[in-house]
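J.: I have a structure here, written as structure tokens, and I will follow up with some questions on it.
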Number of protein chains: 2
Amino acid sequence: MAVTAGMVKELRDKTGAGMMDCKKALSETDGDLEKAIDYLRQKGLSDAAKRTGRTASEGVIGSYIHPGGKIGVLVEVNCESDFVARTDEFQALVKDLSMHVAASNPLYLRREDVPEDVIAREKNIYEAQAREGGKPERIVERIVQGKLEKFFEEICLLEQPFVKDPDMSVNQLVSSVVAKLGENIVVRRFQRYQLGGQ
Amino acid sequence: MAVTAGMVKELRDKTGAGMMDCKKALSETDGDLEKAIDYLRQKGLSDAAKRTGRTASEGVIGSYIHPGGKIGVLVEVNCESDFVARTDEFQALVKDLSMHVAASNPLYLRREDVPEDVIAREKNIYEAQAREGGKPERIVERIVQGKLEKFFEEICLLEQPFVKDPDMSVNQLVSSVVAKLGENIVVRRFQRYQLGGQ
């Protein structure tokens, strides 16, 4: 059974878990919503969700300069208490995120940040490709949606495969630390400078 | 003799030296353009100017995280060769600039980057203040200009007094390293994150 965007949204609304986590939960449970919720709970990812409402106003600004000094990254990661901000786990997360941004060059934090016109242009290209490839009209939309998901995974930090463990997304990495530390954690912003780049 | 913006501009065009250096040169030499040029040459600042045309495409990305991790800075400083980028003097400059940005919180790199509407709003306030203070109409413009200069010194990185030696501007600091290393150096961009800030 195919996992639709609507199903993912419903699961996100019910659990507050990340996009990629919900997608994985649904495909693991063959699209069964209740089972998917249990799946997330077992992984400690729905537990994280309940905390999403709490304010994350503490945290740490971290940086990473790639050896040679041609690439540099600044990230802000928020949590709820200064106590958690000072833990080794949190500091390690900030360091991992900084290195990840240096290596994987995300353009946006989350898919909601991708401008409409960028998405529209991608969609047009995927549609044209599918039609040119002779795909039946009834599956063109599904192909476009699939390619768009892949596009988000490439350019959005939270959806990118984590560079040190590509089996999980960055969002899953964050959620795993949330589950460990018991506080809401939010990657708030990042900046990546490449020498001579934009 | 008062140093006007027009005189500063002429000296800048002739020497390529920084705004603050030219202003200082003119006030030191009582507005004599030729003497001001000599002044800049003596200081090694006009020497720097001749190089302004050359491409600065090498350099270093530097960062500074203030102890506690609540403030972080990323800067890109360009020079002409990787050789110079690796020198201790250049690396020290990048470090100094990063720390300066953390401490002095500049909003823009140079005055040309300040949006027109921000300048217009400041001017309106200064004008109203001067008139309310009963200043004669003929000197209002000069007062406004003076306050605007001070405003730029407060918010523009290159015009700010260098935090480790407030007798020189950041631009003068950069020029002094240019004179020492014999390459054009350009502070290209900076980013400052404060926890929970904009």
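J.: Where does chain A land on Rg(C-alpha)/(2.2 N^0.38 Å)?
T.: Numbers: Rg = 18.1 Å, N = 198, 2.2 N^0.38 = 16.4 Å.
That ratio works out to 1.10.
J.: For the stretch A:1-116, what value does the Rg/Rh ratio take when both radii are computed over Cα atoms and Rh is the Kirkwood radius, given to two decimals?
T.: Numbers: Rg = 16.9 Å, Rh = 16.2 Å.
Result: Rg/Rh = 1.04.
J.: What dipole magnitude, in Debye to the nearest 20, does chain A give about its Cα centre under +1 on Lys/Arg Cβ and -1 on Asp/Glu Cβ?
T.: Values: 29 positive and 32 negative charges, 43 e Å.
With Lys and Arg at +1 and Asp and Glu at -1, about 200 debye.
J.: Taking the DSSP beta bridges in chain B as the whole, what percent of them are antiparallel, to the nearest 5? Please list the in-between numbers first.
T.: On the way: 18 of 19 bridges.
That works out to approximately 95 percent antiparallel.
J.: Which value, in debye to the nearest 20, gives the size of the charge dipole of the protein assembly as shown about its Cα centre, when Lys and Arg are +1 and Asp and Glu are -1 at the Cβ?
T.: On the way: 58 positive and 64 negative charges, 4 e Å.
That gives the protein assembly as shown a dipole magnitude of about 20 debye.
J.: Related question: Jot down the per residue volume, in cubic angstrom and as a whole number, of the convex hull over the alpha-carbon atoms of the protein assembly as shown. Intermediate results must be reported in sequence, preceding the final value.
T.: Details: hull volume 77.4 nm³, N = 396.
Per residue, the Cα convex hull of the protein assembly as shown comes to 195 Å³.
J.: Also, quick follow-up: By a straight-distance test (C-alpha under 18 Å), which aspartates and glutamates pair with residue B:135 as possible cross-link partners, with residues fewer than eight away in the same chain excluded?
T.: Reachable aspartates and glutamates: B:122, B:127.
J.: Divide by every residue of the protein assembly as shown the summed helix terms, -39500 (n - 2.57) for each DSSP H run of at least 4, and state the resulting mean residue ellipticity at 222 nm, rounded to the nearest 500 deg cm²/dmol. Walk me through the numbers on the way to the answer.
T.: Working: 18 runs with 212 residues, N = 396.
Helices in the protein assembly as shown give a 222 nm mean residue ellipticity of -16500 deg cm²/dmol.
J.: Okay, next question. What's the Kirkwood radius of the stretch A:84-184 in Å, using all Cα pairs?
T.: Values: mean 1/r = 0.0652 Å⁻¹.
Its Kirkwood hydrodynamic radius stands at 15.3 Å.
J.: How compact and how long is the stretch A:156-198, expressed as Rg and Dmax of its alpha-carbon atoms in Å?
T.: 12.8, 41
J.: Something else about it: Checking an interface number: how much accessible area is buried between A and B, summed over both chains, with a 1.4 Å probe, in Å² rounded to 100? Let's see the in-between values first.
T.: Working: alone 11310 and 11330 Å², together 20470 Å².
Buried area (both sides, nearest 100 Å²): 2200 Å².
J.: Between copies, how far apart are the residue A:165 label points? List them in nm, one decimal, shortest first, with each point 7 Å from Cα toward Cβ, please?
T.: Here the equivalent label points are 4.9 nm apart from this one.
J.: Lys/Arg Cβ at +1, Asp/Glu Cβ at -1, dipole of the stretch A:15-170 taken about the Cα centre: which of A:64, A:29, A:130 is farthest positive-ward?
T.: So the residue we want is A:130.
J.: Ordered shortest first, which distances in nm separate the 7 Å Cα→C-beta label point of residue A:67 from those of the other copies?
T.: Reported distances to equivalent positions: 2.9 nm.
J.: Count the DSSP beta bridges whose two residues both fall in the protein assembly as shown, then state the antiparallel fraction as a percent rounded to the nearest 5.
T.: On the way: 36 of 38 bridges.
Restricted to the protein assembly as shown, the bridges split so that about 95 percent are antiparallel.
J.: Output, in nm with one decimal and in ascending order, the distances from the residue A:92 label point to the matching label points of the other copies (7 Å from Cα along Cα-to-Cβ).
T.: Going from nearest to farthest copy, the values are 3.8 nm.
The values are calculated or read from the model by the stated rules, or taken from the named source; none is laboratory data. Quick caveat: nothing in here was measured; it's all calculated off a predicted structure. Don't worry about glycine lacking a Cβ; one is built from the backbone with ideal geometry, like all the others, and counts go over all protein chains shown. Just the protein is used for accessible areas: all its heavy atoms, side chains included, with ligands, DNA and RNA removed. Shrake-Rupley method; radii C 1.70, N 1.55, O 1.52, S 1.80 Å.
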